[in-house]
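Colleague: The structure follows.
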Amino acid sequence: MTADEHTFTDADSALLYDLENPWDTDESSWEGYILRCTTLLDAVLDVGCGTGSLLHLAREHGAKGRLVGVDPDPAMLERARRRDDIEWSQATAAEMAYEAEFDLATMNSNAFQCFVTDDELRASLAAIRRALKDDRVFLFGTRHLQARAWEAWNPENGGVVTLPDGRQFRSWYQVEKVDGPLVTFTETMALLDGTPVRTAGTTLRFHTPETLNPFLVEAGFRIESQYGDEKTGPLTPDSRAIITVARAQ
Ligand SMILES: C[S@@+](CC[C@H](N)C(=O)[O-])C[C@H]1O[C@@H](n2cnc3c(N)ncnc32)[C@H](O)[C@@H]1O
């Protein structure tokens, strides 16, 4: 085995993210709807854009407007930068300084859950509201607290991943702490014999409509509709997700 086969880099992580999280382009799905809006509107802001899948796909589907992707992670953005007909900015949501420039702001694949503290949530929503023109929408999804998704994030549910160059790693999640709606967990990449080569920790905040909606209203949004899953089923006490259409007042 060469040294490279023992190494799992940030670039590998971004590539693997794309392989494991393909965008759902089906027209009846929420992601299909976001893609259609992004393709048709004049100016779209993707907050926590990651590797830029949505904006890449929008260009491939004929988007002519201004597309801006913002993310604080340099490795994810490096992968996004494979296209140079899209604006990429390395920043957190709260650091954005756009003023009434966009027809749509969106956050996908639960990026919204990266806003952990009340202060960060308020500052991020305020910056998203400022970036939007009046009467335009913020479309985003977040996992519902009640579904306790983290209970499946354990080593027993891990597996072997294969990169396009043939390198293989074992990967698994381990929840370290659950503190009310805040869940801290690690993701470990390891050699096939189980020797860890990379461990990254994350804290995510889970919501119910009751905890989420007051922050949106305070930031100047009206909640136009909410759904309970990625197929826009109704939001109920048993829903896995909270998918929100929030209109800038
Ligand atoms: C699960 S990924 C989602 C990426 C992309 N939206 C997608 O649909 O594939 C979450 C992203 O949120 C980004 N993120 C973390 N904290 C953030 C913050 N405070 N503001 C904006 N983005 C953030 C991460 O760097 C990461 O790329």
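Colleague: Quick check on the range 143-249: what are the equivalent-ellipsoid semi-axes from the Cα gyration tensor, as sqrt(5λ), descending, whole Å?
Modeller: The equivalent ellipsoid of the range 143-249 has semi-axes of 35, 15, 13 Å.
Colleague: With N set to the number of residues, divide the alpha-carbon radius of gyration of the chain by 2.2 N^0.38 Å and report two decimals.
Modeller: 1.03
Colleague: Once you treat every alpha carbon in the range 146-205 as an equal point and sum by Debye, what is log10 I(q)/I(0) at q = 0.17, 0.19, 0.28 Å⁻¹?
Modeller: After summing over all Cα pairs, the log10 values are -0.60, -0.70, -1.13.
Colleague: Another one. Remind me, relative contact order of the range 146-205 in percent, using alpha carbon pairs under 8 angstrom and six or more residues apart?
Modeller: Rounded, it is 25 percent for the range 146-205.
Colleague: Separate question: Please work out, to two decimal places, the log10 of the ratio I(q)/I(0) at q = 0.10, 0.15 Å⁻¹ from a Debye calculation in which every Cα of the range 18-157 carries one identical scatterer.
Modeller: So the normalised log intensities work out to -0.33, -0.75.
Colleague: Name the most mobile residue of 35, 104, 16, meaning the one with the largest mean-square fluctuation, in a Gaussian network model of the chain with Cα contacts below 10 Å.
Modeller: 16
Colleague: Counting only the heavy atoms of the protein chains, how much of residue 7 is accessible to a 1.4 Å probe, in Å² to the nearest 10?
Modeller: Roll a 1.4 Å probe over it and residue 7 shows about 60 Å².
Colleague: Contour minus end-to-end for residue 101 and residue 118, with contour as 0.36 nm per residue of separation and end-to-end as the Cα-Cα distance?
Modeller: Full extension from residue 101 to residue 118 adds 3.6 nm.
Colleague: Taking H placed 1.01 Å from N in the peptide plane, check which residues at least 5 places from residue 110 or on another chain put their amide H under 5 Å from its amide H.
Modeller: Under 5 Å from the amide H of residue 110: 141.
Colleague: Please compute the per residue accessible area over the range 146-205 with all protein chains in place, 1.4 Å probe, rounded to a whole number of Å².
Modeller: Result: 55 Å² per residue.
Colleague: Enumerate the amide H contacts of residue 229 below 5 Å, restricted to partners 5 or more residues apart or on another chain; note that Pro and chain-start residues carry no placed amide H.
Modeller: 243
The values are calculated or read from the model by the stated rules, or taken from the named source; none is laboratory data. From a predicted model like this one, the values you see are computed outputs, not experimental measurements. All accessible areas refer to the heavy atoms of the entire protein, side chains included, with ligands and DNA or RNA removed. Shrake-Rupley method; radii C 1.70, N 1.55, O 1.52, S 1.80 Å.
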